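See structure below.
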Amino acid sequence: MPPLIAILGRPNVGKSTLFNRLLSRREAIVEDRPGVTRDRHYSQGTIGRKSFRLVDTGGILFGDDHPLGESIRKQALFALEEADAVIYVMDGREGYLPVDADVIGRIRRSGKPSVFAVNKVDTVKTEEVLADFHRHGVAPLIGISAAHGRNVDALLDPFLDLM
Ligand code: GDP
Ligand code: MG
C-alpha cells in the first residue's frame, strides 16, 4: 500500500483545498466556515510514477465549546496515529498561534516524517510571516498557496522516499 499522508491543522486553514490540489481534483468540500469536514476523508494520488494516499481531517479544535469539537479532534489524532507522514497546515494570515504548539509537539513525538505548511501566503508578506514561525522553531517550514497551487508539490518532496 502507498504511504498514508495525513493533512492536519485547525479548521479553516485550507486543508481540504490542499487535499484537492494535491490530488488535482475536487473531492473534499471546501467551505468558508469551520467544521465542515468532520470525519476523515481518504483518497489516492500520484506524483510521477509514485503513489501516495492522503487523509483529510476535520481539523484540530482547541478549548472551544463546539459540540463536535472533541470528536473532530479525536478523528484528527486518529489520523496522526495511523499515518506514515504528516502535513501540518497553518494559516499565514493568523501567524503562529500558541495553540498550534500542542499538536506540533505531538507530531514531533510521533517521530513521523512531517512538514509544516504555512498556507494562504498569497494574502500576506511571506518573508515576515515565515520568520515568525521560524522564531518558534517550526521546521521544516514551507509557505504555500493551496488555492493557487504555489509550492504545493514541494510539500511531497520529503516523503518521496516513502513512496
Ligand atoms: P479546511 O477547513 O482546513 O479544510 O479549509 P478549506 O480548505 O475548507 O478552506 C477554508 C477557506 O480558506 C476557504 O474559504 C478557502 O477558499 C480558503 N483558502 C484555502 N486555501 C487558500 C489559499 O491558499 N489562499 C487563500 N487566500 N484562501 C485559501
Ligand atoms: Mg476541510
Exercise for the section: Evaluate the distance, in nm, between pseudo-label points positioned 7 Å from the Cα of Asp161 and of Arg135 along their respective Cα→Cβ axes. Expected result: 3.2
Completion exercise
Cβ density ranking, 10 Å radius, fewest first, applied to Met90, Met1 yields Met1, Met90
Problem - Linear extension gain, Glu128 paired with Arg150, 0.36 nm per residue minus alpha-carbon span - result: 6.2 nm
Completion exercise
A correct fewest-to-most ranking of Val55, Val124, Val13 by other Cβ atoms within 10 Å would be Val124, Val55, Val13
Practice task
Starting at the first residue of segment 6-22, write each ³J(HN,Hα) from the Karplus equation 6.51 cos²θ - 1.76 cosθ + 1.60 with θ = phi - 60°, in whole Hz, x for Gly and Pro.
Solution key: 8, 9, 10, x, 5, x, 6, 7, x, 4, 5, 4, 5, 3, 4, 5, 5
Fill in the blank from the handout: Once Lys and Arg are counted +1 and Asp and Glu -1 for all other residues with Cβ under 15 Å from that of Val129, the total becomes -2
Problem - Integer Hz, Karplus 6.51/-1.76/1.60 couplings in order for segment 109-123, x for Gly and Pro - result: 5, 5, x, 7, x, 8, 9, 10, 10, 9, 8, 6, 5, 5, 10
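Bear in mind these aren't lab numbers, they're just calculated from the coordinates by the rules spelled out. Worth saying up front: this structure is predicted, and the values here are computed from it rather than measured. Here Cβ is always computed from backbone atoms with ideal geometry, including for glycine, and neighbour counts include all displayed protein chains.
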